[in-house]
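Accompanying notes for the structure given below.
The values are calculated or read from the model by the stated rules, or taken from the named source; none is laboratory data. Computed from a predicted structure; not experimentally measured. Neighbour counts run over all protein chains shown; Cβ positions are idealised from the backbone, glycine included. All accessible areas refer to the heavy atoms of the entire protein, side chains included, with ligands and DNA or RNA removed. Shrake-Rupley method; radii C 1.70, N 1.55, O 1.52, S 1.80 Å.
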Amino acid sequence: MPFVPESGPHESPLTDQARPQGWDDVAVQLLQGELNAVFQPILWAREGELLGFEGLIRGPRSGPLHTPDRLFEAARARHLDVALELRCCSIVIRRFAALRLPGNLFVNLSPAALLCAADGALDLGGLLAESGLPASRLIIELTEQDQGRGVGDLVPVVAQLRAQGIRLAIDDLGAGLSNLGRWLALQPEFIKTDKTFTAGIQHDVLRQQILRSVCDIAAVAGAVVVAEGVETLDELACVEDLGASCAQGYCIDYPAAEPARVQWPELMASLADLRRADTPDGLEPGPSHDGAEGRALRLLRRVPSASPTLPNEAVFSLFRDHPEWHTIPVVDDHIPVGVLTRASLVERFSLPYQRELYGPKPCRLFMDSTPLIVDMHTPLLTLSRGLVEAEGHALATDFIITARGRYLGIGSSQDLLQALTRLQLRAARHANPLTQLPGNVPIDRQIQRYLASGLKFAVCHADLDHFKPFNDVFGYRLGDDVIRLLSRVLAQQVDAQQDFLGHIGGDDFIVLFRSADWPQRCQRMLESFDLGMARMMVEAGRGEVLGYTAEDRQGQIRHYDLPALSLGVVPVDPGAYHSRHQIAQAASEAKSQAKRQAGSTLFIERRVSVLESFSFGA
């Protein structure tokens, strides 16, 4: 495959005389024309601190090849994709160094381009030296293009890069050809998840489970997870809750030729405001008891360990150079054997002649040989009891987190207390086990918050007609499917940015509308439920069921139609109601009015003006 890089001390220029026959103007543009580097920041999600930038490329500003998709599409059509990749790599590294940008630089290369560079097409080490950029700040993103030779060919190349200090990231995990086999073989320091899994993740349980699983594996593998494609504050909060250490996307900043040098404090303040506004009593929400969020793994902090033979003086230097560290684990062949704390070491060295006598000696002499060690899967509640029952001052010190006995990192009591608080709040918000929707307590608090704020909203009480006899005849499994169907129908028609959806229990749901078009949304709910109900019966092998017979509450056999949806809505103007109890009673009465009519029905109660009702179906 031809490679003709951009002219430079470590590259060969493309001259008209050297141009291969048959190359058109586009090919010349790709390998000699204007290409511009832009940089998009990547943040540590919890702290809001900068991890680094991904270097991206743009074609000529006024031409058809400006976007990277069109640029690389043209290169592939001319079999110049690898040549273009390596030219872009060179441009990005030079520009990053010239701008003196902080943090790490992520540069995209396909497996084929990486192998080509290793064969001598691009001298990465020489390019870094020329640019004055330390190799430790460069991270190669292995992209999702054709893998060419097998992953086994990449292993020695990656080893050579690591020997220079260059690190590896797997890009777009979950898209295209990326797989766990490549992760296992290459052991990357960073994992970047595909933006497909980030879009709308706060509303999608499956996307959440996928990211949660990736974060679990990454914690064991010692990799940092970067969630790509984060475009909203809700997505940023969700990926951080699920365990992604870092985030990248338009929510943080757009790619720029000269990115602003800020710490994004306003973004993190907005994120904190979002969490408080979305949580009862204004406290910060957190993850549920499921998955990594409810286990010690959620508290993991990566801290380098010390060998038992490391001199005490060297440990003291580590503490001095890293003021944020309070504990350094002592690990022998991956197995933790003790801990050294800043306070204890400083205290010992403050005594007369102790530093002179014991500074050169191995740190195992000063270490605490009975630290609290927990497995990554230890439930947080179990961990909290262990800390309380531990001897000495365990609550004031860090603890060691392991995976099958091997050292992973440390956790702190402060982080544990914060995580437990978040778990309790999340449990209250997601009290219904079938739909995972907020239950009675958060519903009541949301109504009370609206009342206290003087907001105008509408309360919709949703209930199913004839659900009990349907359950008796067709079984609870199909009955649960109907409840899930209703949950999906309601969720699809509410505005997640404005409205609130809760599950009282059974077949009763509450929607708090702040959307101005709530009547139209309600009508779409009725239509969608009827269609979904008919489709469900067909898929369940029941055919086009129009009705069935069952015993009523008096023990009499009678005919029932399929479950229908009744919606009772109460518009709430500021000052019209004074308590959530009044609103709940009014909504229940409106729902009862709707249930008096056959078929799926919307009933709107207007306390001051008129009563309106709309019926769908017979």
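Do you know which of the residues in the stretch 189-209 that are open to solvent by 30 Å² or more (accessible area, probe 1.4 Å) and not in a helix (DSSP H, G or I) is nearest to residue 51 (Cα to Cα)?
Filtering the stretch 189-209 for residues that are open to solvent by 30 Å² or more (accessible area, probe 1.4 Å) and not in a helix (DSSP H, G or I), the one nearest to residue 51 (Cα to Cα) comes out as 189.
Inspect all residues belonging to the stretch 494-516 and state whether any of them is without any contact (Cβ under 8 Å) to a residue 40 or more places away in the chain and assigned to a helix (DSSP H, G or I).
No: zero hits.
Just to check your reading of the model, which residue among 112, 118, 98, 129 is assigned to a helix (DSSP H, G or I), under 20 Å from residue 40 (Cα atoms) and not hydroxyl-bearing (Ser, Thr, Tyr)?
98
Restricting to the stretch 564-581, give me the number of residues that are touching a helix residue (DSSP H, G or I) at 6+ places or on another chain (Cβ under 8 Å) and either over 23 Å from residue 594 (Cβ atoms) or open to solvent by 20 Å² or more (accessible area, probe 1.4 Å) (or both).
So the count comes out to 4.
Please give the number of the condition residue 528 fails out of (1) surrounded by 14 or more Cβ atoms within 10 Å (Cβ to Cβ); (2) among the polar types (S, T, N, Q); (3) more than 25 Å from residue 433 (Cβ to Cβ).
The number of the failed condition is (3).
Conditions: (1) open to solvent by 30 Å² or more (accessible area, probe 1.4 Å); (2) more than 28 Å from residue 471 (Cα to Cα). Residue 561 meets all but one. Number of the miss?
Every condition holds for residue 561 apart from (2).
Only one of (1) on the phi > 0 side of the Ramachandran plot; (2) under 10 Å from the mean Cα position of the chain (by Cα) fails for residue 193. Which number is that?
(1)
Among the residues of the stretch 145-163, is there at least one that is modelled with pLDDT under 90 and under 23 Å from residue 247 (Cα atoms)?
yes
Filter the stretch 240-276 down to the residues that are outside any loop (DSSP other than H, G, I, E, B), hydrophobic (A, V, I, L, M, F, W, C) and modelled with pLDDT under 85 and list them by number.
267, 268, 269, 271, 272, 274
Which ranges mark the strands (runs of 3 or more DSSP E) fully within the stretch 299-404 that have 1 or more residues being of a type in the set (D, E, K, R)?
327-332, 373-375
Looking at 387, 417, 437, 423, which one is at pLDDT 80 or above and open to solvent by less than 60 Å² (accessible area, probe 1.4 Å)?
437
Only one residue in 411, 454 is touching a Gly at 6+ places or on another chain (Cβ under 9 Å), modelled with pLDDT of 75 or more and of a type outside the set (S, T, N, Q), so which one is that?
454
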